[in-house]
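Here the structure comes first, spelled out in structure tokens, and everything after it is commentary.
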């Protein structure tokens, strides 16, 4: 029996079913849309993440590869292009290089520039200029180091015949003589200026000269004489007056010639030098007012024989000379140092004797002594009226008699 308000079973069931189906379809559709949306979003994010991760993976792989290559470079030789096997396919370059194709670098070097020069020429040109400059510098340096051309050395011929270049001291006074003003007449040298003789002709004499005609000397044009007063024996060490001293000095004074004297020393100590100088002063006392020219100290080696002074040092010889010259100066005379070029430049220290006038002995037409000197003995084989045989002739650049 059906109660009031009940529907028929058939009709109510169908409506509920349709309602359920509709709701289910709607829910399924909604779920489908949501799933599709989520899938799309998830798919896009995954793709982006995958691409980013791929790039990071590639960077890591590249870093690993670089690290492995660096380790390989540090531990083993670097592979070069010529080490590859495929180069064997090409012919080997012969000695002349005829089969070798020019490299890119070679082709670049051989290309012409705007001046028409090839790259190879341009590369070689700076090297050539540099080499030429280096050669020029070497030549100039060699010229500077050559003592014969550097202007800082002078040639000395030693007593054993050897030649030696000696450095010229910048601290000693150089001679300023103009040798173009030298004239020679009748074997006698004169120094002329504006046609006037401003030098003095001299001769040095001793016992070896023999008898001297002083009147003949004066007539020949001799202005003064340097007379040997005495000497010390080079082996015995004994002091002696020159045998012709008194005759020579009195004859020269009587004729009105200028007079100076010299002493040949073989002193081996300063005491001996003082002894020699005192002997000179003692024997000049009677003629003191007539002695206008210097009193010279003459020390030298003996040719072809040993002498007392051979064992002296340069410092010893210098000190001995200074001792003699100081005594002479104290006695009121002009002291003078005699010597040849070798003696003056090598055997004594001129820097310690530069307060004294120098009498140079050099048998030359023109002397090459670099320093200042007052008197020059230019020959030992001269010819002059008043002396028989060879004469020692001199020129003096200082007028001692006019002082």
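Since every read-out is calculated from the coordinates, none of them should be taken as a lab result. Keep in mind that this is a model prediction, so the values were computed, not measured. Cβ coordinates were reconstructed from backbone atoms using ideal geometry, including for glycine residues, and neighbour counts include every protein chain displayed.
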Span per principal axis, largest first, for the Cα atoms of the range 171-402 (Å): 47, 41, 36
Theoretical FRET efficiency, 1/(1+(r/R0)^6), r = Cβ-Cβ of residue 288 and residue 171, R0 25 Å, to 0.05: 0.10
Reciprocal of mean inverse Cα separation for the range 194-276 (Kirkwood radius, Å): 14.1 Å
Sorted by Cβ neighbour density within 10 Å, fewest at the top, the residues 159, 232, 308: 159, 308, 232
Over 25 Å [Cα-Cα, the range 264-403], rounded percent: 30 percent
Ranked 291, 198, criterion: other C-beta atoms within 10 Å, fewest first: 198, 291
Cβ-based exposure ranking for 211, 265, in which fewest neighbours within 10 Å come first: 211, 265
